[in-house]
Structures are given as structure tokens and as C-alpha cells.
Amino acid sequence: MPPKSTSSQTPVRSPSQRMEALQKANAIRSERAQLKKELKSGERDIIDVLQAPPEYLKTAKVIDLLLVVPKFGRVKAARVLTRCRISQAKTVGGLSERQRTELCDALLKRSTPPAS
């Protein structure tokens with residue numbers, strides 16, 4: 001008796017569909033890597049990226065982006081996310097408007113030097 005097909009199995013894809021999916025995934029990885037370099041060097045601002053994220057960034061985790069920002073380590077990134085009531089597993093595309101606004105405000109406050 002042949003095994004029954006379950007819904008948890010990956011659907012069968014043709015070789016051309018697999019190649020197309022791999023090319024798309026590689027393009028997304030390359031674009032994210034470039035963005036992370038720009039964030040790390042200060043060419044791009046994390047707040048601008050979070051307010052209007054490009055399509056390729058919607059499935060990226062927020063904490064992964066915070067970790068490339070200068071002067072942000074795992075502890076500081078986790079603290080900011082906790083303060084904004086955002087899970088460390090949250091993706092950029094999954095942020096609600098409240099979460100997005102609160103996170104951008106918290107990041108803005110951290111990057112603004114204290115007034116003398």
C-alpha cells in the first residue's frame with residue numbers, strides 16, 4: 001500500500017520553478033546584504049528603512065537589522081524591542097503601525113544627543 005500524501009509535504013516543483021525560486025532568494029539575500037552594509041556604514045538610516053521598508057525586507061527579522069546598526073549589540077537591540085513590546089521573532093513586514101511608530105521613536109531618542 002503506497003504511503004498517503006499529507007498536507008505538510010512540500011509541493012512538487014519543476015526544475016524551472018526551483019531555479020526561479022533560487023534566483024529570487026539569491027537576489028533578496030544580495031539586496032539585504034547591501035542594505036546591511038549601508039546601515040553599518042551610516043549611508044542609510046534605520047528609521048527611514050523601517051518607516052518605508054522595501055519589498056525584499058518585509059520578511060527580514062527586525063532584530064537582525066538592529067544588530068547591524070552601529071553601537072547596537074544583542075542586549076541593546078533586545079532591550080529596545082522589549083520596551084516597544086515587539087517580539088524578537090517579528091519581521092519588518094509584520095510590524096503593526098503602533099509598533100513601527102514606537103520603534104522609530106525609541107531609535108530616534110537613542111540617536112539624538114542630549115541637549116546641553
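The values are calculated or read from the model by the stated rules, or taken from the named source; none is laboratory data. Just so we're clear, the structure is a prediction, and the values are computed from it rather than from any experiment. Positions of Cβ are backbone-derived with ideal geometry, glycine not excepted, and every protein chain shown enters the neighbour counts.
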### Query
Do we find that Glu20 is under 27 Å from Arg83 (Cα atoms), assigned to a helix (DSSP H, G or I) and of a type outside the set (A, V, I, L, M) in this structure?
no
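Test Pro70 against the stated conditions and say whether it is in contact with a Lys or Arg (Cβ under 7 Å, 6 or more places away or on another chain) and at pLDDT below 95.
Numbers: in contact with a Lys or Arg (Cβ under 7 Å, 6 or more places away or on another chain): yes; at pLDDT below 95: yes.
When the stated conditions are applied, Pro70 passes them.
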### Query
Can you find a residue in segment 81-88 that is on the phi > 0 side of the Ramachandran plot and not polar (S, T, N, Q)?
yes
### Query
Quick one: would you say Val92 is in contact with a Leu (Cβ under 7 Å, 6 or more places away or on another chain) and among the hydrophobic types (A, V, I, L, M, F, W, C)?
yes
### Task
Only one of these is under 11 Å from the mean Cα position of the chain (by Cα) and either closer than 20 Å to Glu102 by Cα or surrounded by 11 or more Cβ atoms within 10 Å (Cβ to Cβ) (or both): Val49, Val75, Val80. Name it.
Val49
### Message
Just to be sure before I move on: is Gln88 under 30 Å from Lys24 (Cα atoms) and not in a loop (DSSP other than H, G, I, E, B) in the structure I sent?
### Response
no
### Message
Go through (1) over 19 Å from Leu95 (Cα atoms); (2) in contact with a Lys or Arg (Cβ under 6 Å, 6 or more places away or on another chain) for Val62 and report which single condition fails.
### Response
(1)
